[in-house]
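Bear in mind these aren't lab numbers, they're just calculated from the coordinates by the rules spelled out. Just so we're clear, the structure is a prediction, and the values are computed from it rather than from any experiment. Methodologically, a virtual Cβ is constructed for each residue, glycine included, from the backbone with ideal geometry; neighbour enumeration extends over all protein chains shown.
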Amino acid sequence: MAQIFGSGIEETDMHDETEAESTTPCRESDPSGRRHARAYLALGSNQGDRADHIEHALAALARLPETELAVLSPLYESEPAYHTEQEPFANAVLEVRTALTPHELLDQLQRIEREEGRMRTFPNAPRPLDLDILDYEDALCDDERLTLPHPRLLERDFTVTPLLDISPSCTLADGTAVTRGRITHGRILRQLEGLDLPPSARATTRE
């Protein structure tokens with residue numbers, strides 16, 4: 001059964017920083033009953049050395065408490081979505097196993113973005129690093145900080161394609177099957193040279 005989580009904002013909206021409508025106040029789970037849940041994260045960059053920014057993010061994610069990196073998709077180049085007058089993005093999707101709540105995880109993602117030099121100048125602006133929670137196992141959320149599953153995941157080629165690479169039969173926490181049928185934005189242009197998980201995380205990688 002899906003759990004309702006609360007209080008957190010998703011300012012990190014990959015290729016789109018418009019605010020999601022808030023309809024459902026959420027609550028956090030009881031910390032005493034924590035378990036490691038599967039979460040899918042989107043990673044993107046279109047400033048500077050894109051692969052280097054994403055590698056830095058992977059190293060930072062590998063250091064998070066109560067979190068293991070599991071599977072990393074290929075790295076792709078994609079068209080910018082929504083604000084199209086900017087450079088192409090590099091994108092990947094990462095599966096993690098974490099005991100952090102969705103909002104704790106969101107806080108960590110935003111911290112990593114800031115450390116990598118992200119500045120929020122205007123909606124959908126170019127950025128050295130963009131991190132999003134796409135889906136969190138058994139968690140539904142819709143509040144002023146965070147909406148899960150990610151409300152625009154299925155319309156973006158740069159999230160759907162790498163997510164299906166690592167989870168071909170992926171079904172989101174709300175029961176929606178991930179397919180290519182709703183894609184309208186962020187078309188993938190080509191596959192880039194691959195990244196690898198940091199050495200400290202490779203033991204958790206599935207074949």
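Annotations for the structure displayed:
- Using the Stokes-Einstein relation with a Kirkwood hydrodynamic radius computed over Cα pairs, the translational diffusion coefficient of the stretch 57-202 at 20 °C and a viscosity of 1.002 mPa s comes to 134 µm²/s.
- Relative packing of peptides 37-46, 74-83, 171-180 - highest average C-beta neighbours within 10 Å first: 37-46, 74-83, 171-180
- With both labels modelled 7 Å from their Cα along Cα-to-Cβ, the Ala51 to Arg190 distance reads 1.2 nm.
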